[in-house]
Amino acid sequence: MSVQGEIKRVTTNTLQSMKQHGEKISMLTAYDFSMARIFDDAGIDVLLVGDSASNVMAGHETTLPITLDQMIYHAQSVIRACQRCLVIVDLPFGSYQGNSKEALISAIRIMKEAGAHGIKLEGGEEVAESIKRITGAGVPVMGHLGLTPQSIYKFGTYAVRAKEEEEAEMLMHNASILQNAGCFSIVLEKIPAALGGRVAAELKIPVIGIGAGMHVDGQVLVMHDMLGITKDFSPRFLRRYLNLYDEICDATKHYIKDVKSRDFPNEGEQY
Ligand code: KIV
């Protein structure tokens, strides 16, 4: 039987145990009650209330504009839906980079106001002090290295990170700093598969990949991409499990036609 099959509520310890037993961790993003309920019922291990809400929910070009209050609103909706999975919430841009006290205050707001089970933040050595302070207050922290979208204006591109040896070594170094600072897990985004495997092999904590190859301890995708709601985003790492954009579009056209033709509602669909 799988580690996760035996438990009632996924915790950070469950993820650690899954890594030790070689059981892969499944993670998706979620931003609202209805979708989170479906994912939780389906048995997802972790839901991430990602700051990608800024893109897929609010329509911004980057993750930078979303606020802490908006993240808390999304997180509250997701938390209300989940009985089994672990729910982690992104600290948005501007809510933790100032100093470790600001980071702790933001993390505490997410824990108290949303009832989250932990937070995620982006960066390496520069956020280590904040991670120590947040974990010191009893809040589990997930790290995020590789392509870190909150730094998009520094990178200037969404291309694969750490292809060159120097950046790969720096990522390795930062990953062990995050582990030593107290992170219970790390997300690696858009890096070569071999490097993802190296990080997962060298760290004791679970490493979850998005575009980080098959050798990491688990996978995460943005729900809108996985379900095919987004149409124009097709990176190599993405596997679409549905084409909801087309299905919803067809259903909507069908509905419009039925309304216009007076087919809907019929005798049985009225009081
Ligand atoms: O915000 C987000 O969706 C994320 C995932 C890409 C890991 O951070």
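The values are calculated or read from the model by the stated rules, or taken from the named source; none is laboratory data. This one's a predicted model, so the numbers in the text were calculated from it and none came from an experiment. Every residue, glycine among them, receives a Cβ derived from its backbone with ideal geometry; neighbour counts consider all protein chains shown. Only protein heavy atoms, including side chains, enter the accessible area calculation; ligands, DNA and RNA are left aside. Shrake-Rupley method; radii C 1.70, N 1.55, O 1.52, S 1.80 Å.
Structure values in brief
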{"item": "Label point distance in nm, Y158-E125, each placed 7 Å from Cα along Cα→Cβ", "result": "3.0"}
{"item": "Coil-residue trypsin sites (Lys or Arg not before Pro) of region 8-43, DSSP, other Cβ within 10 Å capped at 13", "result": "K8, R9"}
{"item": "Net dipole in debye of region 31-120 [+1 Lys, Arg Cβ; -1 Asp, Glu Cβ; about Cα centre; nearest 20]", "result": "260"}
{"item": "Kirkwood estimate for region 128-271, i.e. one over the average of 1/r between Cα atoms, Å", "result": "18.0"}
{"item": "Furthest towards positive pole of dipole, P92, V127, G115, structure part region 3-240, Cβ charges", "result": "G115"}
{"item": "31 Å Cα-Cα threshold exceeded, pairs from K19/K163; K19/K231; K19/K112; K8/K204; K8/K154; K112/K231", "result": "K19/K231; K8/K154; K112/K231"}
{"item": "Positive dipole terminus of region 29-179, leading residue within L64, G43, Q150 (C-beta point charges)", "result": "G43"}
{"item": "Within the chain, longest stretch free of exposed GluC sites (Glu not before Pro) [DSSP loop, at most 11 other beta carbons within 10 Å]", "result": "165-271"}
{"item": "Assigned charges on the beta-carbon of Lys, Arg, Asp, Glu; region 3-240 dipole about Cα centre (debye)", "result": "560"}
{"item": "Rg(Cα) / (2.2 N^0.38 Å) computed for the chain, rounded to two decimals", "result": "1.07"}
{"item": "Calculated SAXS-style log₁₀ I(q)/I(0) at q = 0.15, 0.16 Å⁻¹ - region 1-159, Debye, Cα scatterers", "result": "-0.80, -0.91"}
{"item": "Of all accessible heavy-atom area on the chain, the percent that carbon and sulfur account for (1.4 Å)", "result": "53"}
{"item": "Accessible area of the chain divided out per residue, in Å², using a probe of 1.4 angstrom", "result": "51"}
{"item": "At most 10 other Cβ within 10 Å, DSSP loop - chymotrypsin sites (Phe, Trp or Tyr not before Pro), region 184-261", "result": "Y241"}
{"item": "Charge dipole magnitude, Cβ of K and R +1, D and E -1 - region 148-212, Cα centre, debye nearest 20", "result": "220"}
{"item": "Centroid-to-centroid separation of region 58-128 and region 152-176 [C-alpha atoms, Å]", "result": "23"}
{"item": "Full-extension gain in nm, K8 to Y241, via 0.36 nm per residue minus C-alpha separation", "result": "81.2 nm"}
{"item": "Label-reachable residues, region 244-258, where backbone N falls under 13 Å from a point 7 Å from N266's Cα toward its Cβ", "result": "258"}
{"item": "In region 4-103, the chymotrypsin sites (Phe, Trp or Tyr not before Pro) that fall in loop regions by DSSP, at most 14 other Cβ within 10 Å", "result": "none"}
